[in-house]
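The values are calculated or read from the model by the stated rules, or taken from the named source; none is laboratory data. These figures come from a predicted structure and were not determined experimentally. For neighbour counting, all protein chains shown are included, and Cβ atoms are generated from backbone atoms with ideal geometry for every residue, glycine included.
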């Protein structure tokens, strides 16, 4: 019985990922803002850099550099100042997990 | 999982359920396995509505989403100024709803929504059809106020195009500019606040000036402004000095810019200092929320839609969320980017609501690029949060405009990113 229950659970998670996490978390919500310039799921179709495929570590350190004025940008230096270090970690983890990096 | 449900799901049924669920998801249809799916109807397929419809399905594919939009082709207001400047063709700002249907499993109905009713939870279309919903999102954009200026009317727009909704009006103004003589005068008349796309009239001025400078250099542009100042003003004005010299003249409201009457028959407008004639006149009237919002009791006395700024649910009609230019969104400007941002927050709030959970604390953003020439881009950006008073405020220290006196290389980079932004946001809405 336990075995069947377990397999149902696993299959359900596989088929209906929304059943377990029906609602988006704050990391996902924060990251959705990025898509308007960097493309849906961070996959940029044009001149903007893609976030998809970048590691959490890379995104976090880039954003922190922009936030603390250590990296000059055209607009990201201004945008990064809108987020706390905690927000930045959530965003970085979100995109890192999307592409398993 | 309780015992009752376990009994119902014996091995054979289980295989059936998994099979049908697999089939359903292959077809991109909402899953009907665990009870009736929740219905959301989105009215308006622009920057707010298209984004909301796509993200609703992306966040929870069990939700049944219908998008109601009259036009099968959507022309974006952003980049319509590049068409006016002869840099791009109309076809480059045209987008369809193919991916919305085929890739995201959104039901798209090309009809006009007449009314959205909070009590009966139905949207009534102009063909009489009614659509039921658990939640609705209304993203109607703006309508022009024909009553806001003496002498102005719907027919006046044939002579004096507003071109403030992209499409035939954009093509008309472009034709008028092409037909104008070298040495002609273009009048551009922006409205008072609030209005759609605050930097729009000034980017338009820039790109029309780019066209005139190249093709009709004896011509001039006079901006007759209802306002005393405008968005990214010092960046625009220093850019105009740099590229266009005295081809552009801007008159503030109190310096003779304010218009009291338009006269389309004689192609002139009345200012405090007398009549001003134009060979081409782009009169941009005052605006209010789109008709369906006004007809559904969603607007206040001023014609805009008050909402709970955490969820964008109307404070007047429960169960209906209003996003984009029509909504009153605290400190956020009426821009395509804002509408996109609000569409995502409203979609997330509805997913939470339908799951019986509290909405997550939202975060909003806006980045607006403008072109002064095809190689000189400027931007304004801001990140927004919810204040203690539950209104949208800018995050202190975030955003702002491009620096003054910046190197031309950076201006060129920003022009490249202007295109990059456009490519990304239309993908985020339509692909």
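Key figures
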{"item": "Candidates B:406, B:414, filtered to the one that is within 10 Å of chain A (Cβ to nearest Cβ) and in a loop (DSSP other than H, G, I, E, B)", "result": "B:406"}
{"item": "Among residues of segment B:373-389, those that are surrounded by 24 or more Cβ atoms within 10 Å (Cβ to Cβ) and more than 9 Å from chain A (Cβ to nearest Cβ), counted", "result": "1"}
{"item": "Within segment B:291-341, considering residues that are closer than 15 Å to residue B:40 by Cβ and within 14 Å of chain A (Cβ to nearest Cβ), the one surrounded by the most Cβ atoms within 10 Å (Cβ to Cβ)", "result": "B:323"}
{"item": "Residue list for segment B:242-260, restricted to those being buried (at least 17 other Cβ atoms within 10 Å of the Cβ), under 11 Å from residue B:228 (Cβ atoms) and out of contact with any strand residue (DSSP E or B) (no Cβ under 6 Å at 6 or more places or on another chain)", "result": "B:253, B:258"}
{"item": "Residue that is nearest to the chain's Cα centre (by Cα) [pool: residues in segment B:390-400 that are part of a loop (DSSP other than H, G, I, E, B) and within 14 Å of chain A (Cβ to nearest Cβ)]", "result": "B:399"}
{"item": "Some residue of segment B:347-356 being farther than 22 Å from residue B:47 by Cα and away from chain A (no Cβ under 13 Å)", "result": "no"}
{"item": "Verdict on residue B:382 being in contact with a strand residue (DSSP E or B) (Cβ under 8 Å, 6 or more places away or on another chain), within 22 Å of residue B:203 (Cα to Cα) and assigned to a loop (DSSP other than H, G, I, E, B)", "result": "no"}
{"item": "Boolean, residue B:203 is touching a helix residue (DSSP H, G or I) at 6+ places or on another chain (Cβ under 9 Å) and either touching a residue at least 40 places away in the same chain (Cβ under 8 Å) or part of a helix (DSSP H, G or I) (or both)", "result": "yes"}
{"item": "Where residue B:370 falls short, out of the listed (1) facing chain A (nearest Cβ under 7 Å); (2) in contact with a strand residue (DSSP E or B) (Cβ under 9 Å, 6 or more places away or on another chain)", "result": "(1)"}
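Residue-wise test of (1) assigned by TED's automatic domain parsing to the domain that holds residue B:323; (2) touching a helix residue (DSSP H, G or I) at 6+ places or on another chain (Cβ under 9 Å).
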residue: B:358; (1), (2): yes, yes
residue: B:373; (1), (2): no, yes
residue: B:386; (1), (2): no, no
residue: B:396; (1), (2): no, no
residue: B:415; (1), (2): no, no
